[in-house]
Every structure is written in C-alpha cells, then in structure tokens.
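This report refers to the structure that appears directly beneath it.
The values are calculated or read from the model by the stated rules, or taken from the named source; none is laboratory data. Just so you know, these numbers come straight off a predicted model, no measurement behind them. All Cβ positions, even for glycine, are placed from backbone atoms using ideal geometry, and neighbour counts span all protein chains on display. Calculation scope for accessible area: heavy atoms of the full protein, side chains included, ligands and nucleic acids excluded. Shrake-Rupley method; radii C 1.70, N 1.55, O 1.52, S 1.80 Å.
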Amino acid sequence: MATIVKTPAGTWKAVIRKTGWPTNAKTFRTKRDAEDWSRRTEDEMVRGVYIQRSGSERLTLEKALQQYLREVSPTKKPTTQRAEATKAQQLIRHLGKYSLAALSSEVIANYRDTRLGSLTNRGNPTSNNTVRLELALLSHLFTVAIQEWGLGLTFNPVLNIRKPSPGEGRDRRLSREEERRLLAAVNNHSNPMLGWIVRIALETGMRSSEITGLRRHQVDLKRRVVRLSDTKNDSARTVPLSRLATATFQAALENPTRPQDCDLVFFGEPGKDGKRHPYAFTKIWGVLKKKFGMPDLRFHDLRHEAVSRFVEGGLSDQEVSAISGHKSMQMLKRYTHLRAEDLVGRLDRIKN
C-alpha cells in the first residue's frame, strides 16, 4: 500500500514500497493525482509490467545529447563526431527542454516540419537530407537510451514518423571550359598541392578526406594503385591510377618542401600541438571557385564528375563501384550523371 503525505510546500508525495521492487516516489499537486498514480503503479507491479519511467521523465534531451556526445560519438570517426555535434545543436535549440519521456512522435513530426520550413544561415531552405540526418541522430539516441541507459523508455518515437525523402541528389557536371578555368586557377595557386589534389580528385573519384589523409606508403607508383584503409563506409579499397594520376602523385611525392619527418602526401603547417596535419584547402577553394565564376561548385562534385566519366568511358557498374567504394548500385546511380550528348556517339555505334 502506498504512503501519501503532504509536503511543507503544499504538494502531495506518494511513496510505494513493495517487495521485489525498488522504492518508488513521486510528487503531485493534488492528493487525488497521487492516489491515482499509486493505484496504477501498484497494479502494474502486481501484473509484472511496471517500468520505472522516472529516469526518462527527469532527463532532458539536451542532457541526453550531451551524454551521447561524450559516450557514443567518440567511438566514431572524427568527421562523424563533428557532424553529430552540429546536428545536436539544432536538436537542442528546438527540443532541448523536453524530457525524453515527453518527446512524442507528434512533437518530433512538428520539429521535422519546422526545420524543413526554416532557412539556413546562407538564406537557403534547410535540405531534406539535413533534416533526415538530424532525425537519424535523434533515433539512435533513443536506441542507445532504451538498450543501455535503463531509463524506462519502451519505444523509439522517431520510428513512427515519416522521414523526408532524400531528394534527387546533385547532378552538377563540369563543362570542358569550366574544367580548363578550374585547373588554370588551382595550378596557378602559390601552393602546388591544391592543383595536385584537384587533379587527383578528377582522375580517381576519391573523397577529399581520402586524398588529404594519404600517407606515402599508401601510394604505390610501380603498381599504379593507392590503398585506402580509412574510408567513409569503413571498407578498405584499392584505387587504380590513370597515367595522369600517377604522374600527379609522382610530383606530390617529390615535393621538395616536404619535411623529412612528415609522412603525409599533402601536409599543412604545424598546429598548436607541433604536429603537421593534412593540408586544409577549404577556405582557398571557396575563394577561388567564386573568382573563376563557379560559386555553386562543391569539391565533392569532382567525385561525381570522375565517377560519371568512368561510366561514360565504358566501365561496368561493378568496376566503377570497386574504384569509388560505393556499396550499393542505388547509391552509385545517385552519384552518376551522364551527359546525353556524350551518349549520342555510342548510340550511333550500337545502331551500326
């Protein structure tokens, strides 16, 4: 039987002590509420279905995300950790004061709709994919809380809402004139590493982080391959090199400014820790692409361009995925955009 007492503050405290269960207490505004809760809780204990919900009722999403970033994110790659920290800021801004118990599917669906209708700091609408990734972080937080934190949560409310469609993806391709201007700009930059990196991206389809993180032992000029062990999807792969890519790597490896103790192919100045980190070119890339008249060009578009050229060159889907590292044909399709005018000649050869 529960004990119900009035507190000095004028509220009512219900305390349940039942053999086989931890002592449970909760405070209410009225005695009636305390009695109803006690009766309902004791009934659940008798039927063996009681779940201690106080943990999820006390823990706000802000505190939960902070715990997630401390305990879960460090097990992931640095790039993922930074991305999750950014997504967590948006979730905290809109939902941080809610307790986990109060985050219903309705509340989260409203967050989705609000975010899709909001603008980024660049004045553009928030993309579907950005919101999808924020919801994915929230969903995984609930999964961890249910499975590991013992908060009394019984379901993941994110699973019950409709996710924004991923969209069609980018189809930005480089024209020959754009490529000429791009290469002229990066090759004329004071640091030759920028030009080498851009050329390698166009020749191999490697990601920016894969290129800048390369160590000298990963580049085998004799066999004309680059061996990647740390990739976005955690699958090691070996990337074949064209003659131009091989020559570009040859120049990079023979860089006379490389310190003897630096194993990075593309290196920056020493940081505060005294160590050299990968060459950071994001800022100068942003300046140059505006200067040569392509402000909408992202560095990742060079990967799209390279993969599309592989397909246009006659490589099979399996061969292209082996080079690019795409795990599914569906994802490869999203990253491959063929120029109709480049297919005309192939159509004519088929007809003849």
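Observations on the structure shown:
- In a fully extended conformation the segment linking R216 and D296 would gain 25.5 nm over its present Cα-Cα distance, using 0.36 nm per residue.
- In this rough spin-label picture, where each label sits 7 Å from Cα along the Cβ direction, the S235-R70 distance is 3.7 nm.
- Take the Cβ atoms of A247 and H140, set R0 to 56 Å, and the FRET efficiency comes out at 0.80.
- Global form of the stretch 74-163, assessed from the alpha-carbon gyration tensor, a/c cut-off 1.5: oblate
- Convex hull volume per residue for the stretch 1-116, taking Cα atoms only, in Å³: 157 Å³
- The value of relative contact order for the chain, using C-alpha pairs under 8 Å at least six residues apart, is 12 percent.
- Nearest-20 debye value, the chain charge dipole, Cβ charges on Lys, Arg, Asp, Glu: 420 debye
- Prolate/oblate/rounded call for the chain, Cα gyration tensor, a/c under 1.5 rounded: prolate
- Using alpha-carbon coordinates, inclination of helix 192-204 to the longest axis of the chain, degrees: 80 degrees
- Candidate lysines - alpha carbon under 18 Å from K18, same-chain residues fewer than 8 apart omitted: K26
- For the stretch 157-241, a Kirkwood radius taken over Cα pairs fed into Stokes-Einstein (25 °C, viscosity 0.890 mPa s) yields D = 156 µm²/s.
- Fraction of accessible area attributable to carbon and sulfur, the chain (%, probe 1.4 Å): 51 percent
- Dipole-positive endmost among G10, H189, G268 within the chain (Cβ charges, Cα centre): G10
- Under the criterion of Cα pairs below 8 Å and six or more residues apart, the relative contact order for the stretch 227-283 equals 17 percent.
- Residue-normalised accessible area of the chain, given per residue in Å² at a 1.4 Å probe: 58 Å²
- Residue-span extension gain [S104 to L183] - 0.36 nm each, minus C-alpha spacing: 23.3 nm
- Efficiency of FRET from Cβ geometry, T154 and T7, R₀ 51 Å, rounded to 0.05: 0.95
- Segment S165-E254, length gained on full extension (0.36 nm per residue, minus Cα span): 27.4 nm
- Options I323, F310, T143, ranked by Cα towards positive dipole end of the chain, top entry (Cβ charges): T143
- Cα gyration tensor shape of the stretch 79-224, rounded if a/c is under 1.5, else prolate or oblate by comparing a/b with b/c: prolate
- Dimensions in Å of the stretch 231-335 - Rg and Dmax from alpha carbons: 16.9, 48
- Using a Gaussian network model of the chain in which every pair of alpha carbons under 10 angstrom is joined by a spring, one finds that among K31, K63, K333 the greatest mean-square fluctuation is at K31.
- Distant-in-sequence amide contacts of G268, defined by a placed amide H-H separation under 5 Å and a gap of 5 or more residues or a different chain, comprise H277, Y279.
- Theoretical ellipticity at 222 nm over the chain - DSSP helices of four or more residues, -39500 (n - 2.57) apiece, nearest 500: -15000 deg cm²/dmol
- Excluding same-chain neighbours fewer than eight residues apart, the aspartates and glutamates reachable from K87 by a Cα-Cα span under 13 Å are E62, E134.
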